[in-house]
Amino acid sequence: MGKCFSTLQFHTSRCDGCGDCMTACAQAKANTDDQAYSRIHILPKTAGEVVELALCRQCADPICVMNCPSGALSKNGDTGVIDWAESKCVNCLLCTAGCAYAGIVYEAKVGHVAKCDLCDGDPACVKVCPSEAIEYRTAARIFNAYAGKEDMFCRGLSACHGCNSELLIRHTMRMVGPDSVVAAPPGCIPGMGTVGYNGQTGAKVPIFHSLLTNTATMLAGVKMQYNRVGRDVTAIALAGDGGTSDAGFQSVSGAAERNDPILFICVDNEGYMNTGMQSSGVTPYGSWTSTTPVGGQMQGKRTEAKNLPIIMTMHNCSYVATASTAFLEDYYAKLEKAIKVAKTGMAYLHVHAPCPTGWRFPSGITTEVCRMQVRTNFVALWEYDPENGLRFTHPVDRPEPVADYLKMIGKYRHLSEEQIAHIQRTVDEKITYLRQLTVMAATRHPASVH
Amino acid sequence: MTAVTDTSRSASNKPSFVVCEGNEAAAIGVGLARPDVVAVYPITPQSSLVEHLSQMIADGRLQADLMNVEGEHAVMCGLQGVALAGGRTFTATCGPGLAFMFEPYVRTPGLRLPMVASLVTRDLLTPQCVWGGQQDAMVVREAGWIQMYCETVQEILDSTVMAYKIAEHRDVMLPINVCHDGNYLSFGVTRVEVPDQQDVDEFLGPPNTNWHIALDPLRPMGVDPLTGGAGGAGPRNFVRYRKGQVRGMQNALRVIREVHAAWGERFGRYHAPLVEEYRLDDADYALVTIGSMTGAAKDAIDIARDKGEAVGLIKIKTFRPFPLEAMVAALAKVKRIGVVDRSVSFGWNCGPLYQDTLGAIYHTGRAIPAISFIGGLAGADITVEHFARAIALTREAEWGRISSEPVWLNEND
Amino acid sequence: MRSKYMIVGSSHAALEAATAIRLIDADGTLTLLTRDAHLPYSPTILPYVVSGRSQPDNVVLRDQAYFNDNAIVFVPGATVVSIDPAQSSLRLASGDTWRYDRLLIATGAAPMLPPVRGLTDVPFHVLRSLDDAINLRQAMGQARSAIVLGAGLIGMHTAENMAKADIAVTVVELQSHALAGYFEPRASAIIERTFARNGISMLMGQTLRSVERKGDGCLATLADGQTIAADLLLLCTGVKPNIGFLNGSGIEVDTGILVDDLMRTNLPNIWAAGDVAQARGFWGGKVINGILPNAVGQGRIAGLGMADDAGVTPFAGVVPLNTYSFFGQQAISVGRGSTGSGFEIEECGNEADGVYRHIVLKDGQLVGIATINDFIDAGIMWQLILRGTDLSPVKAEFIANPQLTGRRLMSQTWR
C-alpha cells in the first residue's frame, strides 16, 4: 500500500489574484515582502481567463528528482515533500527541465533553484488567503491510517450510481474494524446487499437486517450481553432516516435516553429513497417526493423537516454530531470519537447523504452536492456532548445562497421564488439557533470557544 | 388440582417453600433459570411479575442485567440482540403489550431464538378491559411460538424453568410462551415448592442460544439477508427455513414430554406435558379445558361422577405445537365432547380450542359430536356451576342437534 | 548466475529502469552490472567534482541500502565482454556468466579521442568517470596552464573550473562557436565573451594538429601554426556509445544501438536506453543525444516494458535540451534552431547586457527556444514542444513573455 501525503489545493474560481499568498511565502522563506522570493506563483488573470498557478505539485513520481545528477532532490517518504538539499545542489537546472508546472525554478535573486516545501506542514500561503482559494488538504492521513485496513463489506454491493452511502459505510467500517456487530434496518444499506442475499452475506462482520423500528434497541441488547461476558464489541447501526426519525424513532430515543453504549449512524437521504422516494420526517420543505408530489394543489412537502440531530442532543446522550461525506476528515474525527464514546454511552452521527436517484441530480456530482449543502449552511457541521455542549466543526460564516444549492437538485426544480425565499429564511433561522447553542456552550465552557 | 405425585425424586437438595402469587412464582422460576438479561415493561396484569424480577435484580438475588425499555416492542428487540449475542433472556407481557410487540415477536421463531416469555393472558381491547382471558395468546397461536398453558401457581414456576430446557433443546430452538391466566393465576396466592438452585442448574445446564445464528465477531455472518422472490433460490431457501421451523415445532412435542418426565424424576412433580386425561378411561363423554379453569372443571367432573355420570376431562397443556397424537388418543376414548374456550375465534363463530379439537376429531376417524363453550372472558369466573351446565349439555350432544352457535357461559351471569 | 531482469550500466537510464521495474514487479530478481567500481553516480556531476563543489563520496545516486531495500543485486566492477542472445547469457571480463530473462543495455558512452598526432605520447585527461574526475582534480592542483580541446558542455564547464582555480586555460574548438549543438552563434558569442572576460583564451574554428611531450606537460601545435604550452591537456571532443562488446551478438547498431519507441532492440528480450541507444528523433531520424533527461525517460520506458507494464507510453522522440550555468549566468536551450523554410524566428534581448532570447516557431508550434540570463522553465518549454501545443492564440503574448505564458498554459492543462 502506497502512502499519501498532504497537499495544497488551489481553487481558481475563488482566487481574485490578490497575491497575499506570495507575500506570505516570501516572508516565510526569505523574510521579505518581495514577491520575487515567493515559491508559489499566482499567474494573473488575462481577459476571459482565470487565475493560474505555478507551484510544486510534490509529484509522486517526480521527474525533477530523476533528473537530478547530484542527489540534491529527493521525495521525502514521511512528508511527501520533494526535499531540496542545498549542500548537494550544483545549480545545473536539470530539475527545471523535468517539471511541467514550473514547480522548481531558478530564482535569480537567491542564485539557486527554489521550490515549495509546504512549510513543514503549516503552509504560510493558506493562512493568509482571504478567499479560501488555497487549502491545505490533509485527508491523506486518512488514507495512510485506514486504506490498509480491511474493507468490511464484500465487493459488488449494488448501490445506485453516485451513491455516497456505500462510500460512507465502507469508510466507517474500515475504522470500526472487525470486532463489531452491525445492524442495518430496511433501507438503501441492506438494499444494496450489505446483509447479503439468498443466504449469502454482504459483509465480513456480523450484520443483522434489523427491523425498521428496533435497530437501536436490539443493538443495545447485543452490547449488553457482550459487556456482560467481558468482550469489547462495537455495536453499530447503519440506518436510514426513516429507520431513525420515523418508525425507528422510539427505539433510537429510548436507547439515547438510557445512553445505551451503541454507535448509531443515521444516513440521511431525506426520505425513503430505497422504496420509491417517499417522504419522511426529515424530508425538507418543498421537496418533491412520490408522496409529496407536485401538482395543482401541492408543491412538494408542505412542512419542515424535523431537526433530528438537535432532538438527539436533547436526550443528553454521550455524543451527537452531524457529518458530510464531502468533509471526510471532519467525519473521521467524529467517527473516531464516536467509536470511543460508544464503549460506554450512545454516540449518534447524522450523516447527510444526497441521493442522485431520488433527488434527481447527475450521479457524478454527489460530492459537489454534499459540499454545497455545507457551503450554503443548508447542512451545518457540528458536534455535541453533554459536557461541552454544541460547537461548529466547520463554521461557514459567509454562506453561499441556498438557491445555488437548490438549483443543483431536481426535487426542487418546481420551487417558486417564494418557496426558495422561505427555505433561505429557515436555513438562516436554523443556523442562528445553532449559533445560540454554541454561544451557550462557550459561555459554559470558555475553553471550548472556537 | 394438578396431577402431582410426590413419590419419587432424585433432587439431592431440599426444596424450600414459599407462599406467593402466580406472578411471583413465575419470577422465582425465572430466577432459578438464571437469565443473562431481563427486559421489562409493565402492563396489567403482568406488572407484579416484572416488579418482582426488578427487585430480585436490585437485591442481587438475581445476577441478571435489567433492561428498562420504552415499550414491549423494544423489550423483544433488545432481547433478540441479547440472544443473538449468546445470552439467556426473559420477559413477560400480555394483551395490548403483546400487540405492540407483535413485529419483533413474529420474527423471533424464524430467527430460531430460544427465548422464554411469560404471557399473563389478558383479554384484548375493545371494549377496554384489563382482566384475564386468553384472547391475546390465541391471536398469536400461529406466530410460531410454543405455547404452554399453566393450571396452577406451582405449574407456573415449574413450567417456566422447564421452558428454557425445551426452548434451548437443539431439536427445538424456538421461543416459548409460558401462559398463565391473568388475575386468577397471576394474583392467586398459594404455597409453592421452590427447587434448590443447584438442582435447577444441573437440570438446565448452561445456555447456548446462538450456536446456530449469531451476531458474534468471532463467527461473522449475515443474519437474515433478503431472500429473493419469484421462484428459484429465494423461495427455495424460504421453504427450507419454514420447513425447519415447522419441524422444530413437531420436535418440541417429543422434547416437552421428555423434559416434563425429567422434571418429574428430579423434583417429584409430574405435570402432564401435552394433554392431561382426567377420569377419562371409562368416560362416555368429556370436557376439553385449558389453563386455570381446569381446577373448577375437575371439581365439576368429580361431582358429576359422584352422581354416576361417565364424564371425564381432557386438559390441554401444550396448545402450540398442537398435540395431535395425544389429543387423538384421548378423544378416541369418548363419544361426545364439550370444549370450553376462554377466547373467541371470530372467523369460526366458536372457540379456537374447539376449532382445533374438531381438527383432531377428524384424525380419530370418527364423527364425535362436540359443543363449543366460551367462558371466562374479561376475567369472569367459570364456576363449578358453569361446568355442570357444560357437562349436562355435552351429555346430550348429538349429530344434527348441535347448534352452530357457541354456548356463552357467562352470558347471563 | 541468473537474473530475471538484467541491467548493464548504473547511471540514469539504468537506475530509472530499475525503479520502473520495481514499480510493477516487486519480486522478480533484478541485477545491475556496472564496469565502474563505485556506487552509481551521474556523469553530469563530474565537472562539479572537478571544481570541488561536490565531494566524490557525496554524489552517490543510490546507496547499498537502497539496493537492499529494493532487492536489487548491485555488482560493481563487472565489465560485460560479450552477449549471447541465443543463450540469453552474457559473459564478464572476470569469466563469470550471467543468464537473464530480460536484458537492458545502458552502458552509456566513452570519450572519443580526436585524431591528433602525438597524442599517445603525451599525458592527457578525459572526463567521463568518477576516477577521471578525481585524477583531473588532482592534476589541476599542480597545473598552472591547461588546454581544453572541445567547447562542448564538459569542456566549457571544466575550463571555467580551471580558470577559477587560477589556471591559464585555452579552449580550442573545431566549430566556429562554442556549444554549437545548443546555441546559435549570437548566443554563443555572449558565452564566449564571458569566458574571455574571465581570462580564458577562446580559440574557435581551430584544430589541434599535433601534440608533443614537454616536461610533465605538453606543447600543442594548432592548424594555423601557433603553439601553446600547457601543464595539462583535457580532451572533451565528444563521446561514442559503448557498444564494442556487442560484436557478433546480432544486436543491430548504427552509431549506437538502434531501438524502437519502446526502447526494444531488434532482438527479443533485449532493450537499450540512454547514451548508448540510438532512438527516434522528435523531428525524424535515429539520433543519439546524450542528455540526462532523455536517459531518464528512456530508462523508464525500457523498465516498464521489461516488466510487461501494459500502460507504457512510447518514447516521444529526442528533443535536444540543455540548461547551462556559467560564471553565475544561465543559458537554457530547448529544441532546435531553424533548419529551413517555414520557420518563424523571434529574437530579442540585449547582447551587451548579456540577455538573449531566441524563439523558433513553425505552424504555430514551438520548435525551439534558447535564452541567456532570461529564465524560462525548460520543462514547460519541453512539454510545449512534445505536446505540439498550438500557440497561435497566444503567440504575441508568448513571444513577449514565454515564461508567464508557458506557465499559464501548463497550469490550464493541469486543471
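The values are calculated or read from the model by the stated rules, or taken from the named source; none is laboratory data. Every value quoted in this text rests on a predicted model; they were computed, and no experiment measured them. With ideal geometry, Cβ positions are generated from the backbone for all residues, glycine too; neighbour counts draw on all protein chains shown. Note: accessible area is taken over every heavy atom of the protein model, side chains too, but ligands, DNA and RNA are not part of it. Shrake-Rupley method; radii C 1.70, N 1.55, O 1.52, S 1.80 Å.
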When the residues of region B:377-398 are filtered to those that are in a loop (DSSP other than H, G, I, E, B) and more than 29 Å from B:THR126 (Cβ to Cβ), which remaining residue is least open to solvent (accessible area, probe 1.4 Å)? B:ALA397
If you scan region B:216-243, which residues turn out to be under 21 Å from B:ASP171 (Cα atoms) and free of Cβ contacts under 8 Å to residues at least 24 places away in the same chain? B:ASN237, B:PHE238, B:VAL239, B:ARG240, B:ARG242, B:LYS243
Does any residue of region A:335-349 turn out to be under 21 Å from A:GLU132 (Cα atoms) and surrounded by 21 or more Cβ atoms within 10 Å (Cβ to Cβ)? no
Would you say C:GLY299 is assigned to a helix (DSSP H, G or I), within 25 Å of C:ASP27 (Cα to Cα) and of a type outside the set (A, V, I, L, M)? yes
Please identify the pairs in which a residue from region C:234-260 that is among the acidic types (Asp, Glu) has its Cβ atom under 8 Å from the Cβ atom of a residue that is open to solvent by 20 Å² or more (accessible area, probe 1.4 Å) and not in a loop (DSSP other than H, G, I, E, B), counting only partners at least 6 apart or on another chain. C:GLU252/C:LEU258; C:ASP254/C:LYS286; C:ASP260/C:ARG280
Condition first: assigned to a loop (DSSP other than H, G, I, E, B) and open to solvent by 70 Å² or more (accessible area, probe 1.4 Å). Now tell me which residues in region B:206-231 satisfy that. B:PRO206, B:TRP211, B:LEU218, B:ARG219, B:ALA230
Does C:VAL169 satisfy being open to solvent by less than 10 Å² (accessible area, probe 1.4 Å) and out of contact with any His (no Cβ under 9 Å at 6 or more places or on another chain)? yes
Residue pairs meeting the criteria (Cβ under 9 Å; at least 6 apart or on separate chains; first of a type in the set (Phe, Trp, Tyr), in region A:138-164; second in a loop (DSSP other than H, G, I, E, B) and open to solvent by 70 Å² or more (accessible area, probe 1.4 Å)): A:PHE143/A:MET1; A:PHE143/A:LYS3; A:PHE153/A:LYS204
For the structure I just gave you, tell me whether B:GLU202 is under 27 Å from B:ILE290 (Cα atoms) and not in a loop (DSSP other than H, G, I, E, B). no
Consider only pairs whose beta carbons are under 6 Å apart and that are at least six residues apart or on different chains; among these, list those whose first residue lies in region C:322-342 and is within 8 Å of another protein chain (Cβ to nearest Cβ) and whose second residue is surrounded by fewer than 20 Cβ atoms within 10 Å (Cβ to Cβ). C:SER325/A:ASN91
Residues of region B:81-101 that turn out to be within 11 Å of chain A (Cβ to nearest Cβ) and aromatic (Phe, Trp, Tyr), as a count: 1
1 or more residues under 25 Å from A:ALA239 (Cα atoms), in contact with a Lys or Arg (Cβ under 7 Å, 6 or more places away or on another chain) and charged (D, E, K, R): qualifying strands (runs of 3 or more DSSP E) within region A:343-440: A:382-385
Checking B:ASN349 against (1) crowded, with 24+ Cβ neighbours inside 10 Å; (2) under 25 Å from B:TRP408 (Cβ atoms); (3) in contact with an Asp or Glu (Cβ under 9 Å, 6 or more places away or on another chain): exactly one of these is not met. Which one? (1)
Residue hits (region B:157-180; open to solvent by 10 Å² or more (accessible area, probe 1.4 Å) and in a loop (DSSP other than H, G, I, E, B)) are B:GLU168, B:HIS169, B:ARG170, B:ASP171
Any residue in region B:362-371 that is in contact (Cβ under 8 Å) with a residue 12 or more places away in the chain, farther than 24 Å from B:ARG257 by Cα, within 25 Å of the chain's Cα centre (by Cα) and outside the structural domain of B:TYR149 (by TED's automatic domain parsing)? yes
Sole residue being open to solvent by less than 40 Å² (accessible area, probe 1.4 Å) and either over 23 Å from A:THR7 (Cα atoms) or of a type in the set (A, V, I, L, M) (or both), chosen from A:SER131, A:SER70: A:SER70
Of all residues in region C:276-301 being away from chain A (no Cβ under 14 Å) and among the small types (Gly, Ala, Ser), the one that is nearest to C:LEU179 (Cα to Cα): C:GLY281
What's the number of the condition B:VAL192 fails, among (1) open to solvent by less than 20 Å² (accessible area, probe 1.4 Å); (2) in the same structural domain as B:GLY31 (by TED's automatic domain parsing); (3) not in a strand (DSSP E or B)? (3)
Might you let me know whether region B:42-63 holds any residue that is within 11 Å of another protein chain (Cβ to nearest Cβ) and at pLDDT 95 or above? yes
Considering only residues that are of a type outside the set (D, E, K, R), within 7 Å of chain B (Cβ to nearest Cβ) and open to solvent by 10 Å² or more (accessible area, probe 1.4 Å), look in region A:207-229 and name the one that is farthest from the chain's Cα centre (by Cα). A:MET224
Working only within region A:204-229, note down all residues that are under 28 Å from A:GLY281 (Cβ atoms) and not in a helix (DSSP H, G or I). A:ILE207, A:PHE208, A:HIS209, A:SER210, A:LEU211, A:LEU212, A:THR213, A:ASN214
All positions within region B:69-80 that are touching a strand residue (DSSP E or B) at 6+ places or on another chain (Cβ under 8 Å) and within 7 Å of chain A (Cβ to nearest Cβ): B:VAL69, B:ALA74, B:GLY78, B:LEU79
Regarding B:ILE402, is this residue at pLDDT 95 or above and either open to solvent by 20 Å² or more (accessible area, probe 1.4 Å) or assigned to a loop (DSSP other than H, G, I, E, B) (or both)? no
Let me confirm something: among C:ALA18, C:ALA26, which residue is within 14 Å of another protein chain (Cβ to nearest Cβ), closer than 18 Å to A:PRO62 by Cα and among the hydrophobic types (A, V, I, L, M, F, W, C)? C:ALA18
Index of the failed condition, A:HIS41 passing every other in (1) within 11 Å of chain C (Cβ to nearest Cβ); (2) free of Cβ contacts under 8 Å to residues at least 24 places away in the same chain; (3) open to solvent by 20 Å² or more (accessible area, probe 1.4 Å): (2)
Looking at region C:317-328, is at least one residue over 18 Å from the mean Cα position of the chain (by Cα), surrounded by fewer than 18 Cβ atoms within 10 Å (Cβ to Cβ) and closer than 21 Å to C:ILE191 by Cα? yes
Answer yes or no as to whether C:ALA279 is part of a strand (DSSP E or B), closer than 25 Å to C:THR79 by Cα and open to solvent by less than 10 Å² (accessible area, probe 1.4 Å). yes
If you take just the strands (runs of 3 or more DSSP E) that sit entirely in region C:37-124, which of them hold at least 3 residues that are under 21 Å from the mean Cα position of the chain (by Cα) and either closer than 30 Å to C:VAL148 by Cβ or touching a residue at least 24 places away in the same chain (Cβ under 8 Å) (or both)? C:109-111
